[in-house]
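The values are calculated or read from the model by the stated rules, or taken from the named source; none is laboratory data. The shown structure was predicted, so the numbers you read here are calculated from the model rather than taken from an experiment. For neighbour counting, all protein chains shown are included, and Cβ atoms are generated from backbone atoms with ideal geometry for every residue, glycine included. Only protein heavy atoms, including side chains, enter the accessible area calculation; ligands, DNA and RNA are left aside. Shrake-Rupley method; radii C 1.70, N 1.55, O 1.52, S 1.80 Å.
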Amino acid sequence: MRKGIFPGMEHLMMPWIGKTMKHIDLFIASKLAEKGINLTRQQMILMKILFHDGPLPQNDLAFLTDRDKTSLTRLLGTMEKKNLVARIASQEDKRVNMVHLTKHGEKTLTELMPLFMEIVMTMQKGISEEEQKVVIGVMKQIQENIKNNSDSCSSNK
């Protein structure tokens, strides 16, 4: 491995956030696999959104999950095969697909919540409530910085 290309990167947050997200994805996948659950973190997130806010137009779901339309279509196709979601043409506009969480999807999500909370608590073990608040505050600030920068970039076009 070549050293020195990006000196000091180990002292910046960005690589740590990226590595941590990768570890989180792998950890969740392994814990789900241990229980014989064939779901990804992305599928769980989508189900959670639909549970709380659904049914939603497919385009809105792409925006909310920060996915391009093609990858969301693939993800929904996989989830339809598992009978977790259903795409149904809107009554108002037949060109719009409304994405619904199926009864099986609701049941699956409800059954997964205790395991998911166990996973979250394992990841947060040894981190005080105050430290958690600091991390959340830092993440919110990063998101705000990105949003503010994105807004100024898009208005310059």
TODO: Starting from the stretch 3-110, pick out the trypsin sites (Lys or Arg not before Pro) whose DSSP state is loop and whose Cβ has at most 13 other Cβ atoms within 10 Å.
DONE: Lys3, Lys35, Lys94, Arg95
Open item on the list: Under the rule a/c < 1.5 gives rounded, and otherwise a/b versus b/c splits prolate from oblate, where does the chain land using the Cα gyration tensor?
Closed with: oblate
- [ ] Please report, as a whole percent, how much of the solvent-accessible surface of the chain comes from carbon and sulfur atoms (probe radius 1.4 Å).
- [x] 59 percent
TODO: Apply the Karplus parameterisation 6.51 cos²θ - 1.76 cosθ + 1.60, with θ equal to phi minus 60°, to every residue of the stretch 40-48 and state each ³J(HN,Hα) to the nearest whole Hz, in sequence, with x for glycine and proline.
DONE: 9, 4, 4, 5, 5, 4, 4, 4, 4
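Would you work out if the stretch 49-95 is rounded, prolate or oblate? Take a ≥ b ≥ c from the square roots of the eigenvalues of the alpha-carbon gyration tensor; rounded if a/c is under 1.5, else prolate when a/b is larger than b/c, oblate otherwise.
In terms of gyration-tensor shape, rounded.
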- [ ] Please work out the Cα center distance from the stretch 17-40 to the stretch 97-120, rounded to the nearest Å.
- [x] 16 Å
Task: Evaluated over the stretch 1-80, the Cα radius of gyration and Dmax, each in Å - done: 16.8, 50
Task: Listed residues Val135, Val120, Val99, most fluctuating in the chain (Gaussian network, C-alpha, under 10 Å) - done: Val135
- [ ] Rounded, prolate or oblate: pick one for the stretch 108-149, where a ≥ b ≥ c are the square roots of the eigenvalues of its C-alpha gyration tensor, a/c under 1.5 means rounded, and failing that, prolate if a/b is larger than b/c, else oblate.
- [x] oblate
TODO: Report the relative contact order of the chain, percent, no decimals, based on alpha-carbon pairs under 8 angstrom and at least 6 residues apart.
DONE: 17 percent
Open item on the list: Nearest 500 deg cm²/dmol is fine: what mean residue ellipticity at 222 nm does the chain get from its DSSP H runs of n ≥ 4 alone, each adding -39,500 (n - 2.57), divided by its residue count?
Closed with: -22500 deg cm²/dmol
Task: Zone of Met139's modelled label, taken as backbone nitrogen in the stretch 41-82 under 20 Å from a point 7 Å along Cα→Cβ - done: 41-53, 63-67
Open item on the list: If you count only protein heavy atoms and use a 1.4 Å probe, how large is the accessible surface of Asp68, to the nearest 10 Å²?
Closed with: 90 Å²
TODO: DSSP loop (so not H, G, I, E, B), at most 15 other Cβ within 10 Å: list which GluC sites (Glu not before Pro) in the stretch 36-119 pass both filters.
DONE: Glu92
Task: Computed accessible area, His100, all protein chains, 1.4 angstrom probe, square angstrom - done: 60 Å²
